[in-house]
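Here is the structure we will look at, set down as structure tokens.
The values are calculated or read from the model by the stated rules, or taken from the named source; none is laboratory data. Here the structure is a predicted model, which means the values were calculated and not measured. Note: ideal-geometry Cβ built from the backbone for every residue, glycine included; neighbour counts use all protein chains shown. In case anyone asks, the SASA skips ligands and DNA or RNA and just uses the protein heavy atoms, side chains included. Shrake-Rupley method; radii C 1.70, N 1.55, O 1.52, S 1.80 Å.
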Amino acid sequence: MYKLIIKGAQPLNGSIKIAGSKNSSLPILFASILADSPVTLTNTPHLSDVSTTLRLLMDMGSEFVLESDSSIFIDSSKLTKLTAEYSLVKTMRASILALGPMLAKYGKAKISLPGGCAIGARPVNLHLKALEDLGATIEVKNGYIYAEAEGLIGTEVYFEQVSVTATENIIMAATIAKGTTVISNAAQEPEIVDLVNCLIKMGAKISGAGTAIITIKGVDKLSGVSYAVCPDRIEAGTYLVAAAITGGSITVKNVRHQSMRSIIGKLIETGANIKSTKNSITLNMNGKRPKAVNVKTSAYPNFPTDMQAQFTALNTIADGHSTITETIFENRFMHIPELARMGADLTLEGNTVVCKGVKSLTGANLMATDLRASASLVLAALAAKGTSTIERVYHLDRGYETIEEKLKLLGANIERIQD
Ligand code: EPZ
């Protein structure tokens, strides 16, 4: 295993290119199951979750080529195995996204239950109920989902709770179902719009993506296409917070600021100076200490849960008191005890953290627990006085492409060493 060594308390300055979105790449890779010919994905990020998805698809019979320019040529048009094995699914919950496309295309799917993860129980009841609404027969036993369908039939699907991947699973399943499906209370994330744009290019008939009501008219087949994945708004937000927490100035390139409005709004509230162009955002803190900001996560277009840990880190050294409320996941505060070991003044009350900003943190030995919690520890270490080590950085590699290389480009004193 590897760990990061970070010497903090110096402002980060410079510009970096943001990679393609993890949470777009994963559903679109699974959507390749629906196509009757190969798909070429460009602007895909070098992430372990993408590699895991490719391994899972290869295990089911997909063939792919990784090109040097970070594009992926994948042919999932003839799967030879309709099972997503536990050994692969347990490392990445998003494997549940194989269910909708496989069921729609082959009428059969056996998918290991993803199980929970550090941030919560992560049930999949919404996925299963909606697929039953489309006519699937689903049984859960021995830790696997057994799904069958003579042929999915379009219908009205209402989600009691907004779910990103459940919305994505149903959209994909409905593209080649018989008739029309209308999803109500659909998730509205930009990554769903990206998936739908790719599916439409493949021949799907979908309207309403990015709103709470999405209509899918079933077609006979979908064809392979070439598609460029949208930029990763969470990676971009994380690096902007790195500028804010260290008092520096960072430009993130290859971004779509339209999908980052809630993040940018909160950064402006901290006193940051933000300038945007068509595809870049510059945050300049001018050496100032950030002001404390209250944060409450909820579904898009509100403040994203995937940025909660990063803003918690920012608030630990901000001027003033703040509250950070997590409404999406029941256990997304694993970073709190680690930040407290650096001198942060944080009190957890139910799903809200009360934070009293301190002038500075001190470096410490830290343990990463989940993807975004790890990012918050890196941010805190960059701001802290002294040296920090962060163990189990495999969590980071799931969602941040070559994080230490990008941070070095911005002037960080950071090394990755073998444990
Ligand atoms: C997606 O996860 C993202 N992952 C997550 O990003 C993100 O945090 C989350 O959406 C919320 O925005 C991918 O897109 C691959 P949900 P997902 O279903 O779809 C409950 C990251 O850091 N729920 O929208 O799994 C669930 O427990 C990751 O990049 C059910 O109860 O999240 C949660 O409380 C982490 N039953 C809420 O809904 C279900 O069947 C929202 O979860 C499904 C979800």
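List of remarks:
- Filter result (over 21 Å from Leu113 (Cβ atoms) and within 11 Å of the ligand (Cβ to nearest atom)) within region 136-180: Val162
So that you can scan it fast, the table gives a plain yes or no per residue for (1) touching an Asp or Glu at 6+ places or on another chain (Cβ under 6 Å); (2) within 14 Å of the ligand (Cβ to nearest atom); (3) of a type in the set (Gly, Ala, Ser):
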site: Pro301; (1), (2), (3): no, yes, no
site: Leu314; (1), (2), (3): no, no, no
site: Ala318; (1), (2), (3): no, no, yes
site: Ile336; (1), (2), (3): no, no, no
site: Val353; (1), (2), (3): no, no, no
site: Asn365; (1), (2), (3): no, no, no
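- Members of region 23-38 that are assigned to a loop (DSSP other than H, G, I, E, B) and either basic (Lys, Arg) or open to solvent by less than 10 Å² (accessible area, probe 1.4 Å) (or both): Ser32, Ile33, Leu34
- Long-range neighbours under 8 Å by Cβ, at least six apart or interchain, first residue polar (S, T, N, Q) within region 385-409, second within 16 Å of the ligand (Cβ to nearest atom): Ser388/Leu377; Thr402/His46
- Note on region 1-18: among residues that are open to solvent by 10 Å² or more (accessible area, probe 1.4 Å) and assigned to a loop (DSSP other than H, G, I, E, B), the one that is nearest to the ligand (Cβ to nearest atom) is Met1.
- With respect to being open to solvent by less than 20 Å² (accessible area, probe 1.4 Å) and either more than 12 Å from the ligand (Cβ to nearest atom) or free of Cβ contacts under 8 Å to residues at least 60 places away in the same chain (or both), Ser76 fits the description.
- Any chance Val65 is out of contact with any helix residue (DSSP H, G or I) (no Cβ under 7 Å at 6 or more places or on another chain) and open to solvent by 10 Å² or more (accessible area, probe 1.4 Å): yes
- Of all residues in region 102-124 being out of contact with any strand residue (DSSP E or B) (no Cβ under 7 Å at 6 or more places or on another chain) and closer than 21 Å to Ile153 by Cβ, the one that is least open to solvent (accessible area, probe 1.4 Å): Ala104
Conditions tested, residue by residue: (1) touching a strand residue (DSSP E or B) at 6+ places or on another chain (Cβ under 7 Å); (2) among the hydrophobic types (A, V, I, L, M, F, W, C); (3) open to solvent by 20 Å² or more (accessible area, probe 1.4 Å).
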site	(1), (2), (3)
Gln258	no, no, yes
Arg261	no, no, yes
Gly265	no, no, yes
Ala272	yes, yes, no
Lys275	yes, no, yes
Lys278	no, no, yes
Thr282	yes, no, yes
Lys288	no, no, yes
Ala292	yes, yes, yes
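- Any hit, region 302-316, residues being under 21 Å from Leu12 (Cα atoms) and among the β-branched types (Val, Ile, Thr): yes
- Pairs where the first residue, in region 118-137, is farther than 15 Å from Thr180 by Cα and of a type in the set (Lys, Arg) and the second is open to solvent by less than 60 Å² (accessible area, probe 1.4 Å) and within 12 Å of the ligand (Cβ to nearest atom), C-beta under 7 Å, 6+ apart: Arg122/Arg93; Arg122/Pro114; Arg122/Gly116
- Hey, Lys141 farther than 25 Å from Gly179 by Cα and among the charged types (D, E, K, R) or not: yes
- In summary, Leu99 fulfils each of the numbered conditions (1) open to solvent by less than 30 Å² (accessible area, probe 1.4 Å); (2) closer than 30 Å to Ser262 by Cα with the single exception of condition (2).
- Look at region 30-55: where a residue is within 22 Å of Leu103 (Cα to Cα) and of a type in the set (Val, Ile, Thr) and a partner is open to solvent by 40 Å² or more (accessible area, probe 1.4 Å) and within 16 Å of the ligand (Cβ to nearest atom), sitting 6+ places away or on another chain with Cβ atoms under 8 Å, you get Thr52/Thr91.
- For region 320-337, filtered to residues that are in contact with a Ser or Thr (Cβ under 9 Å, 6 or more places away or on another chain) and open to solvent by 30 Å² or more (accessible area, probe 1.4 Å), the residue that is farthest from Ser259 (Cα to Cα) is Met334.
- Look at region 361-381: where a residue is open to solvent by 10 Å² or more (accessible area, probe 1.4 Å) and a partner is basic (Lys, Arg) and within 12 Å of the ligand (Cβ to nearest atom), sitting 6+ places away or on another chain with Cβ atoms under 6 Å, you get Leu371/Arg398.
- Residue match in region 181-191 (condition: of a type in the set (Ser, Thr, Tyr), open to solvent by 10 Å² or more (accessible area, probe 1.4 Å) and within 13 Å of the ligand (Cβ to nearest atom)): no
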